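Asker: Quick one: the structure is below, questions incoming.
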Amino acid sequence: MASTPTTLDTARQEAFTGRMVDLINNAGLSLMISIGHRTGLFDTLAALPPSTAEEVAAAAGLHPRYVREWLGAMVTGEVVELDPATNLYRLPGEHATCLTRSASPNNLAVVTQFVSVLGGVEDEIVDCFHKGGGVPYERYPRFHEVMAEESDQTVGAALLDHILPLATGLTEQLEAGTVALDVGCGSGHALCRLAARFPNTQFHGYDFSEQAIRRGRARAAAEGLRNVTFEVRDAATLNEPGRFGLITAFDAIHDQARPDAVLAGISRSLAPGGTFLMQDIAGSCHHHANGDRPLAPFMYTISCMHCMTVSLAHEGMGLGAMWGRETALDMLTEAGFADVTVQQLEHDQMNDYYIARREN
Ligand SMILES: C[S@@+](CC[C@H](N)C(=O)[O-])C[C@H]1O[C@@H](n2cnc3c(N)ncnc32)[C@H](O)[C@@H]1O
């Protein structure tokens with residue numbers, strides 16, 4: 001059968017080619033911004049008056065040849081300004097507000113680190129496109145480190161003052177004292193914040209990553225916390241009927257191999273009247289409904305190259321980060337939660353907060 005001749009809209013073609021060029025430049029800049037964060041270069045620049053490349057390198061304690069090349073990317077990418085008459089570089093204050101450690105929780109340089117975390121497994125993901133299967137957690141360079149840094153500055157920073165109050169009476173319950181569990185606790189940052197604030201409550205963290213659990217224990221020990229424990233556990237085997245007054249899951253349900261079993265175990269393990277607080281990515285399970293979300297392509301990328309594939313690596317459901325509110329609500333109902341509300345925080349359009357109560 002002969003193919004149908006098509007006429008190309010040349011203006012559209014040129015516009016898209018231009019967009020591709022921007023995209024390639026921005027991809028390079030993302031990597032360099034990640035390096036700028038890890039080496040402390042943005043923090044150094046923010047603290048310096050306009051300076052030469054050599055002065056910037058000396059102040060950061062870095063090799064000047066590398067710093068000069070990095071500055072080339074930053075200047076041509078319009079992140080850093082250069083005065084050609086004096087050869088002095090400066091980071092505009094407006095740019096520092098989303099690039100430096102002191103700008104946290106608005107430090108977007110933290111997020112750019114995911115680009116190289118995902119790039120580290122690109123070959124294996126390409127293999128999966130051909131053969132199926134998945135890439136397990138342990139193949140990712142620096143995943144737990146970057147995840148902890150990112151979630152601590154977003155969810156962690158808002159936890160006590162904004163997230164807990166979403167569930168009526170929860171703060172008071174934790175003050176009085178209960179037993180709480182964080183499922184898929186990662187490096188334990190959220191748990192340690194909770195344990196420090198609520199000394200009458202006993203906190204437990206389960207995660208199947210030994211590396212993450214080691215990090216959690218180290219933080220708890222460094223902070224001298226006695227009311228928090230961490231255990232290497234597969235959340236799919238959770239079965240401690242009626243034990244917990246609160247169970248939390250921060251960004252930790254959609255990438256499970258068996259999220260259905262995990263949610264059923266959570267429902268079973270709550271005490272009567274207990275609360276399940278689940279933070280997960282805001283979105284819809286329909287591609288067309290996510291077009292307006294500012295970071296939708298990035299979230300589908302993280303999903304394909306991490307959340308979905310780590311689940312498929314264990315022959316799991318592979319829900320992915322964009323499983324959507326529709327799927328989440330269906331699965332919570334199937335797990336036995338009758339009373340579920342979904343809330344959002346004004347400053348956090350990325351996440352949905354589900355409050356699910358176990359009936360008495
Ligand atoms: C996206 S990370 C979120 C970590 C942490 N809650 C945070 O917000 O920083 C998901 C976590 O779930 C853990 N996880 C995945 N599958 C698990 C399972 N079957 N049992 C226990 N933990 C699991 C991973 O090791 C990882 O630490």
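The values are calculated or read from the model by the stated rules, or taken from the named source; none is laboratory data. Bear in mind that the values here come from a model prediction, so they are computed numbers and not experimental data. Ideal geometry is used to build each Cβ from the backbone, glycine not excepted, and the neighbour counts take in all protein chains shown. These accessible areas exclude ligands, DNA and RNA; they are computed on the full protein's heavy atoms, side chains included. Shrake-Rupley method; radii C 1.70, N 1.55, O 1.52, S 1.80 Å.
Each row is one residue, and each column tells you yes or no for (1) open to solvent by 20 Å² or more (accessible area, probe 1.4 Å); (2) among the aromatic types (Phe, Trp, Tyr); (3) touching a strand residue (DSSP E or B) at 6+ places or on another chain (Cβ under 6 Å).
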residue	(1), (2), (3)
Leu159	no, no, no
Leu166	yes, no, yes
Glu175	yes, no, no
Val179	yes, no, yes
Arg197	yes, no, no
Gln202	yes, no, yes
Ile213	no, no, yes
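Asker: I would also like to ask the following. Please tell me if Val126 is in a helix (DSSP H, G or I), of a type outside the set (Phe, Trp, Tyr) and surrounded by 15 or more Cβ atoms within 10 Å (Cβ to Cβ).
Answerer: Taking the combined requirement at face value, the residue does not satisfy it.
Asker: Taking the conditions exactly as written (in the same structural domain as Glu138 (by TED's automatic domain parsing) and at pLDDT below 95), does Gly273 satisfy them or not?
Answerer: Yes: the conditions hold for Gly273.
Asker: Looking at this structure, is Leu159 under 17 Å from the mean Cα position of the chain (by Cα) and either farther than 18 Å from Pro105 by Cβ or assigned to a loop (DSSP other than H, G, I, E, B) (or both)?
Answerer: Judged against the criteria, Leu159 is not a match.
Asker: Starting from segment 141-155, keep only residues that are farther than 15 Å from Val121 by Cβ and near the ligand (Cβ under 10 Å from one of its atoms), then list their pairs with residues that are part of a helix (DSSP H, G or I) and open to solvent by 20 Å² or more (accessible area, probe 1.4 Å) whose Cβ atoms are within a distance under 8 Å, requiring at least 6 positions of separation or different chains.
Answerer: Ala148/His189; Ala148/Arg215; Glu150/Val111; Ser151/His189; Asp152/His189
Asker: Inside segment 91-120, can you point out the residues that are farther than 30 Å from Tyr300 by Cα and crowded, with 18+ Cβ neighbours inside 10 Å?
Answerer: Across segment 91-120, the qualifying residue is only Leu91.
Asker: Here's another thing I want to ask about it. Do you know which residues across segment 300-312 are open to solvent by 20 Å² or more (accessible area, probe 1.4 Å) and either of a type outside the set (Val, Ile, Thr) or outside the structural domain of Asp127 (by TED's automatic domain parsing) (or both)?
Answerer: Tyr300, Cys304, Met305, Met308, Leu312
Asker: Being under 20 Å from Thr97 (Cβ atoms) and not small (Gly, Ala, Ser) is the filter; apply it to segment 43-69 and report the residue that is most open to solvent (accessible area, probe 1.4 Å).
Answerer: The qualifying residue most open to solvent (accessible area, probe 1.4 Å) is Pro49.
Asker: Determine which single condition Arg325 fails, assuming it passes every other condition in (1) open to solvent by less than 60 Å² (accessible area, probe 1.4 Å); (2) away from the ligand (no atom under 16 Å from the Cβ); (3) in a helix (DSSP H, G or I); (4) not small (Gly, Ala, Ser).
Answerer: Going through (1) open to solvent by less than 60 Å² (accessible area, probe 1.4 Å); (2) away from the ligand (no atom under 16 Å from the Cβ); (3) in a helix (DSSP H, G or I); (4) not small (Gly, Ala, Ser) one by one, Arg325 breaks only (1).
Asker: Arg90 fails exactly one of the following numbered conditions: (1) among the charged types (D, E, K, R); (2) touching an Asp or Glu at 6+ places or on another chain (Cβ under 8 Å); (3) under 24 Å from Pro294 (Cα atoms). What is the number of that condition?
Answerer: Of (1) among the charged types (D, E, K, R); (2) touching an Asp or Glu at 6+ places or on another chain (Cβ under 8 Å); (3) under 24 Å from Pro294 (Cα atoms), only one is false for Arg90: (3).
Asker: What number of residues within segment 166-216 are part of a loop (DSSP other than H, G, I, E, B) and within 14 Å of the ligand (Cβ to nearest atom)?
Answerer: Summing the residues that are part of a loop (DSSP other than H, G, I, E, B) and within 14 Å of the ligand (Cβ to nearest atom) in segment 166-216 gives 7.
Asker: So in segment 232-268, with the set limited to residues that are more than 19 Å from the chain's Cα centre (by Cα), assigned to a loop (DSSP other than H, G, I, E, B) and near the ligand (Cβ under 9 Å from one of its atoms), which one is farthest from Val135 (Cα to Cα)?
Answerer: Applying the filter and picking the extreme gives Leu238.
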